[in-house]
Amino acid sequence: MKGPGFFEADGRQMSKGAILLLMGPFFLLVFVAFLYPLGNLLSISVLEPTPTLANYERVFDNPIYATVLLRTFRIALLVSILSLVLSLPVAVLMANSRGPKAVLITACILLPFWSSVLVRTAAWAILLQRNGMVNGFLQAIGLTSEPLRLLYTQGAVVVAMTHVLMPFMVLPIYGALRNIPPAYNRAAAICGAGPLRTFWEVTLPLAMPGIIGGFILVFLTALGYFITPSLLGSPQEMMIATLISQQMRENLDWPFAAALVGVLTLIVTVITLIFSKVFQFDRMMGGRA
Amino acid sequence: MNPRSLLLHAYVYAVLVFILLPILVILPMAFSETTYLTFPPQGLTLSWFGDFFTDSRWMASTWFSVKIAVLTAITTAVVGTMATYALVRGANAMGTLFQAFLIGPIVVPHIALAVALYLFFQNAGLSGTTLGYVLAHSVIAMPFTVFTVAAALTSVDPALEDAAMSCGASRFNAFRLVTLPIILPNVISGALFAFIISFDEPVIAFFLAGIRDKTLPRMMFDDIEQNLTPIIPAIAVLLTLLSILVLLAAAVLKHMADRNKGAEGQ
Amino acid sequence: MPQAASPHSKGALIEIRGLGKRFGSVVAVDDVSLTIDAGEFVALLGPSGSGKSTVLMSVAGFERPTAGQILIDGVDCTGLPPNKRNIGMVFQHYTLFPHLSVGDNVAFPLKMRGIGKAERRRQAEQALEVVRLSGYAERMPKQLSGGQQQRVALARAIVYNPRVLLMDEPLSALDKNLREEMQIEIKRLHAELGFTVVFVTHDQGEALTMADRIAILKAGRLQQVSPARSLYERPSNLFAAGFIGEMNILPVTWDGEKATFSNNQDIRLPAEALIEPIRPGAAVLAVRPERLSVAAPGEAGTWKATVRDVVYAGAGSLLITHLDDGSEVRLRMPSAGQANVRSGDTIGIRMPPEAVLLYPSGDAA
């Protein structure tokens, strides 16, 4: 493969051939396992059964599907807001801590991040079942006399998804906060700003790219989330991913499933492009390292 | 500690409890003697681990997942390092296209990719095959490997390769003997992350599974959906140990990488 | 002309013929021709962006020239990759391989040449001895100081007895004392081992002390190639004159014999003051500050000037003055035994005609 002669073509500069040889496998892989399959699926959404936009019209015209779409948006937004409310203080303390405290917080964020989504979803299923811990707790403090139906509800989906997606919010915000030179805080203090004022006037605006980035990341991931809603949600109140799966696997309605994928992909792509400036994927990934 | 700081700490620790609670609840259940899942667990037994390790279906799916994850790790490490090297050392013009190809598979929801791959693999006869899984998992794990490798590569002074070439090394040898050893810890941690991403991947696995060959996450999904047996907490313990192991390995590798880099005149 | 290469020289002859390098529309090097004799030490000197590094990198093989040829010992190696040129090179930031020990770093070129392990170790230790670092082979590069690291880089560059040693601002990362020590070290190695050295620097002091000849580049073009003394005393154009050392530059009118200043005072110049023939008319007079001296105001043959600043700098002092027409003239003189001149004083400046050089005006500075 990498013949030495090939690389020496032009001194320090790599030749076009060498670059192609090195990047070829990558582009081929992405084409075979991403671009072509997705393009193929999307073409089905407009070409079958005949060249038509009918599949897309169905998504928006049929109130059942429009409701699913709306519900998906609502849940994703709720999860993002909850994640932000829970994450911001954690990220702030994490960025301002040193030593064992910093290690403890980081470990608490990273460990769930790297543990299986299925394990965490199963844990919520156990916690929320009829004779589970949450019901036990509610009965013990006298909030309810009967065990409540917590599992297979929208509430269960929102809580579990917030739990699963929170690290995606903490890490970008933490990254943005850590990038703010401490000198700015000192400068603000010299200018007469108290700690709260400094946070509000200096820290928060500077951390905004991280906050927006985290928010969008969580929102987009929640939009297309499959595992948690499928296992913890109510079949009567499904989200779009579950609907896609159902149309494809149970109704075998490929063109309609493809149209649903098309709608979801379009929404996600547009939002990503709009916010592409604040997205620093490498930093977000860096959090996993 | 002033009241404001106290409030912040209290809030953060409450959130951390929320984050850890599910895991702290599920792990002890792996050792419970009851056949239904209840908290607090009763008795102490390792029989659920025994069940997991002796059940041929669980074992088969575990090995299947291990095989896929190892191949995915190798694929992303090799393909990702090659492409990243070309990008960092001269193909800047391709940066935008490269990034679009890299990010695309993880920006598009996994469900969309899974459905698209399901259709394509059905037609191509790749459904449920090792190759199909490795292809699919490689594209979603690739960004993590590439960013880890790119971080290392961009911090390696290109003059080091010039120096190697001025010493008589060919360009390939300059890479093999100088650059690769320096970035190797990062390449390995990138591969480790790819391994975990593949090993834990539930969505694509859900759609691509054949009738015979199921990955571990797919088996877990079925179990959780149907009866949620205490084998799940046992697997949770094992997977958590694996995650801790990978995180520790990553920390060790980061330490090695820092040591490798230390020499440049500071 | 350059000193003749000694017959025992182990260095190679380097011929650069009509070298050109453009990056897109930017011309980095434009028609540079330079012959470097076997065993010669040549410094490429110029401001940043002058193309000096590109010339060096072309000789090393890291840049492929867009025009011209590079011959080493008569062999055209313009298209040869760096690893086939048998050149030793020292880089700006040491560039020791961080994952290899000092010994393995030095032995690296030998390994590339297929030399056995025991022999590698022996020769590497020998090279380390030459740079006075014997016993350091087992250390890692980061355990060494900057100066020691640069010595290791030097050992790595000379370990296989290359006939050419290229250095790309090798001392710029070192502090002043270390830099001077390394300058002596490199000169010593050059004298002992006899290889040809091409040395890129932007530090004129370094170029003047170290090199047999200095090549001055500006905007990709060669300005002058001369030994240090003639470069300093007779710079061939106004750029070289201004680039090397300090130079007072004053506009005059030239009539073929006398240079006349704006205040109508004139000075008769010997023929040697002209580097090249100059037509009568506007010209530029150049004189080094240390060639001027202070006289009483109004003394015959002196220029009247007002002292603006006296800068005491230990052994020497700098006088910044200006003439009637406002043009600035600087004088450097030993601090000891100097008349007490103060800011605001009026003085006379004595300008010996043999210290003066005349350049055509419009010769870009």
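FYI, it's all coordinate maths here, none of it is from the lab. Quick caveat: nothing in here was measured; it's all calculated off a predicted structure. All Cβ positions, glycine included, derive from the backbone under ideal geometry; neighbour counts span all protein chains shown.
Things worth noting here:
- Local net charge near residue C:252, Cβ-Cβ under 13 Å (Lys/Arg +1, Asp/Glu -1): -2
- Working from label points 7 Å from Cα in the Cα-to-Cβ sense, the residue C:313 to residue B:6 distance is 6.5 nm.
- Note on residue B:60 and residue A:200: with the Förster distance fixed at 60 Å, the Cβ-Cβ geometry gives a FRET efficiency of about 0.60.
- For chain A, the Cβ-based charge dipole about the Cα centre amounts to some 980 debye (Lys, Arg positive; Asp, Glu negative; other atoms uncharged).
- Karplus 3J(HN,Hα) series, Hz, for the range C:270-286 with 6.51 cos²θ - 1.76 cosθ + 1.60 (x for Gly, Pro): x, 4, 5, 5, 9, 6, 9, x, 10, 6, x, x, 5, 8, 10, 9, 10
- Per-residue ³J(HN,Hα) for the range A:158-174, Karplus 6.51 cos²θ - 1.76 cosθ + 1.60, θ = phi - 60°, Hz, x for Gly and Pro: 4, 4, 5, 5, 4, 4, 6, 8, 3, x, 5, 8, 4, 5, x, 5, 4
- For chain A, the longest site-free run once trypsin sites (Lys or Arg not before Pro) in DSSP loop states with at most 16 other Cβ atoms within 10 Å are removed: A:150-276
- Rounded to the nearest 0.05, the FRET efficiency derived from the C-beta distance between residue C:291 and residue C:129 at R0 = 51 Å is 0.65.
- Within the shell defined by Cβ-Cβ distances under 14 Å, the residues around residue C:42 carry a net charge of -3, with Lys and Arg each +1 and Asp and Glu each -1.
- Counting charges near residue B:61 (Lys, Arg +1; Asp, Glu -1) among other residues having Cβ under 9 Å from its Cβ returns a value of +2.
- Taking amide hydrogens as placed 1.01 Å from N in the peptide plane, the amide H of residue C:115 sits under 5 Å from that of no residue at least 5 positions away in sequence or on another chain.
- Stretchable slack from residue C:69 to residue C:113, in nm (0.36 nm times residue separation minus alpha-carbon distance): 13.2 nm
- Cα-Cα pairs of the protein assembly as shown separated by more than 44 Å (percent): 50
- Gyration tensor verdict on chain C (Cα atoms; rounded if a/c is under 1.5, prolate if a/b is larger than b/c, oblate otherwise): prolate
- Spread of Cα-to-Cα distances over 10 Å intervals beginning at zero, given as percent, for the range C:246-360: 14, 47, 29, 9, 0
- With a Förster radius of 22 Å applied to the C-beta separation of residue C:139 and residue B:74, the computed FRET efficiency comes to 0.05.
- Shown for chain B are the DSSP H helices of 24 Å or more along their axis, judged by Cα atoms, with a mean Kyte-Doolittle hydropathy of at least 1.0: B:3-29, B:56-88, B:130-154, B:180-200, B:231-261.
- Its Cα gyration tensor gives the range B:56-265 an equivalent ellipsoid. The semi-axes, each the square root of 5 times an eigenvalue, are 36, 20, 13 Å from largest down.
- Whole-Hz couplings from phi, Karplus 6.51/-1.76/1.60, listed for the range A:36-42; x for Gly and Pro: 5, x, 5, x, 4, 5, 5
- Amide H contacts for residue C:35 (H built 1.01 Å from N in the peptide plane; partners 5 or more residues away or on another chain; cut-off under 5 Å): C:16.
- Whether the range A:1-152 is rounded, prolate or oblate, judged on the alpha carbon gyration tensor where a/c under 1.5 counts as rounded: oblate
- Residue exposure sequence - A:81, C:72 - by fewest surrounding Cβ within 10 Å: A:81, C:72
- The sum of -39500 (n - 2.57) across all DSSP H runs of n ≥ 4, divided by the residue count of chain A, sets its helix-only mean residue ellipticity at 222 nm to -23000 deg cm²/dmol.
- Tensor-based shape of the range A:53-284 (alpha-carbon gyration tensor, a/c under 1.5 rounded, otherwise prolate or oblate): oblate
- Among beta bridges from DSSP that stay inside chain C, the antiparallel ones total about 75%.
- Note on chain C: with charges restricted to the Cβ of Lys and Arg (+1) and Asp and Glu (-1), its dipole about the Cα centre is near 1260 debye.
- Simple label model, 7 Å out from Cα along Cβ direction - residue A:144 to residue C:78, nm: 8.6
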